[in-house]
Amino acid sequence: MRRLDDLALENIALAVDGDGIADVTLNRPAKRNALDAATIEELIEVFSLLPRAGVRAVVLRGAGTHFCAGLDLVEHHREDRRPEAFMHLCLRWHEAFNKMEYGGVPIIAALTGAVVGGGLELASAAHLRVADASTYFALPEGQRGLFTGGGATIRVADLVGKARMIDMMLTGRVYQGAEAVAVGLCQYLVEGSSEEKAFALARAVATNTPLSNFAICSAISHMQNMSALDAAYAEAVVAGVVNTQPAARGRLEAFANKTAARVRPE
Ligand code: 1HE
């Protein structure tokens, strides 16, 4: 099996610390981290290996001031792709983003500047999204003569609803700040650095048992694709495995003997 150390990455910087927190940074700041075909292949490689590398949480961010400018429009223009070539490219985007969403390792996106087009598709494949004062969200496909191809019709529609997504695509509407939180584009808005908050969240979720995180970060998405009847059955099966895990016994014992923290508002 290939290991993280074997990866020869050019467009992504990857580091894993001693606590199993992975820092995955899109690393084409001069191109505003636009997603060319090579970067998508690197995302596939990275997110194929991370779940099996003992990683407990991932922070996904972009080098420079913008998280991601979406599809590499210059490459797309240069390649002058045929329909089937672009369809196959989209399937590679789906491969990458499905590896993220269904991989079972919590991914926290630290968002800065532009999170637009395919950049929003990438962010929506993460499990948590953190914005700061610089962050803004848009789907400029309509204005560019394009359509989403990296799963926005599923994931962005899921976050904001069909009507808002259509509005974003038709009119180029930009969301930021509290409004972006209110419509569901992000779950956290911080006054300081979204990266600092994302790492704090990563460290917090990494204290959960890996099996619980695996279920949260894969089973819920799978169940959304099922009928309610099948999802309920699958939930019972997953809970059977997770809720009897040896790693949870100490936590349950702490609750039973009243040494565990109670659930309280902050
Ligand atoms: C790019 C890209 C890109 C920047 N592809 N090269 N996405 C968009 O429609 C967004 C397009 N980008 C922008 O609107 C702006 O670049 C930003 C708001 C993100 C940043 O603005 P700014 O002023 O900081 O940078 P810039 O001067 O516009 O760009 C700096 C460089 O990045 C420049 O390259 P240079 O070689 O001339 O220095 C730009 O060409 C390059 N750059 N964005 C390629 N997107 C699976 S389907 C998904 C469909 C979509 O994603 S559509 C949405 C595409």
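The values are calculated or read from the model by the stated rules, or taken from the named source; none is laboratory data. Fair warning: this is a prediction, and the values are worked out from it, not measured in the lab. Here the Cβ is made from the backbone with ideal geometry for all residues, glycine too, and neighbour counts use every protein chain on show. Heads up: the accessible areas ignore ligands, DNA and RNA and are worked out on the full protein's heavy atoms, side chains in. Shrake-Rupley method; radii C 1.70, N 1.55, O 1.52, S 1.80 Å.
Kindly list, by first and then second residue, each pair from a residue in the range 83-100 that is of a type in the set (A, V, I, L, M) to a residue that is part of a helix (DSSP H, G or I), limited to pairs with Cβ atoms under 7 Å and residues at least 6 apart or on different chains.
Listed by first residue and then by second, the contacts come to LEU89/ALA37; ALA96/ILE40; ALA96/LEU43; ALA96/ILE44; ALA96/PHE47; MET100/PHE47.
Quick check: is even one residue across the range 22-29 open to solvent by 10 Å² or more (accessible area, probe 1.4 Å) and away from the ligand (no atom under 16 Å from the Cβ)?
Going through the range 22-29, the residues open to solvent by 10 Å² or more (accessible area, probe 1.4 Å) turn out to be 23, 25, 27-29.
Within this subset, residues satisfying the condition of being away from the ligand (no atom under 16 Å from the Cβ) are 23, 25.
Yes, because at least one residue in the range 22-29 is open to solvent by 10 Å² or more (accessible area, probe 1.4 Å) and away from the ligand (no atom under 16 Å from the Cβ).
Report those helices (runs of 4 or more DSSP H) wholly inside the range 193-266 carrying at least 3 residues which are open to solvent by less than 30 Å² (accessible area, probe 1.4 Å). Break it down stepwise before answering.
Numbers: elements: 194-205, 210-214, 220-224, 228-242, 249-256.
So the answer is 194-205, 228-242.
In the range 168-196, how many residues are charged (D, E, K, R) and within 16 Å of the ligand (Cβ to nearest atom)? Explain how you work it out, then say what you get.
Residues of the range 168-196 charged (D, E, K, R): 173, 179, 191, 195-196.
Filter again for within 16 Å of the ligand (Cβ to nearest atom), leaving 173.
Qualifying residue count, the range 168-196: 1.
Answer yes or no as to whether PHE147 is touching a residue at least 60 places away in the same chain (Cβ under 8 Å) and within 11 Å of the ligand (Cβ to nearest atom). First the steps, then the outcome.
Numbers: touching a residue at least 60 places away in the same chain (Cβ under 8 Å): no; within 11 Å of the ligand (Cβ to nearest atom): yes.
Taking the combined requirement at face value, the residue does not satisfy it.
Going through the range 165-179 one residue at a time, which ones are more than 20 Å from GLY142 (Cα to Cα) and surrounded by 14 or more Cβ atoms within 10 Å (Cβ to Cβ)?
The answer is GLY177, and nothing else.
Within the range 33-91, can you find the residues that are on the phi > 0 side of the Ramachandran plot, open to solvent by 50 Å² or more (accessible area, probe 1.4 Å) and within 12 Å of the ligand (Cβ to nearest atom)?
Residue satisfying the conditions is GLY64 alone.
Quick one: which residue in ALA8, ALA96, ALA13 is of a type in the set (A, V, I, L, M, F, W, C) and either surrounded by 21 or more Cβ atoms within 10 Å (Cβ to Cβ) or assigned to a helix (DSSP H, G or I) (or both)?
From the options ALA8, ALA96, ALA13, the qualifying one is ALA96.
Return the pair list, or none, for Cβ contacts closer than 7 Å from residues in the range 35-46 that are over 18 Å from ALA126 (Cβ atoms) to residues that are of a type in the set (A, V, I, L, M) and within 13 Å of the ligand (Cβ to nearest atom), at least 6 apart or on different chains.
Cβ pairs passing all conditions: ALA37/LEU89.
Given ALA138, ALA152, which one is under 20 Å from ALA182 (Cβ atoms), within 12 Å of the ligand (Cβ to nearest atom), touching a strand residue (DSSP E or B) at 6+ places or on another chain (Cβ under 8 Å) and modelled with pLDDT of 95 or more? Break it down stepwise before answering.
On the way: ALA152 fails: touching a strand residue (DSSP E or B) at 6+ places or on another chain (Cβ under 8 Å).
Residue meeting the stated conditions: ALA138.
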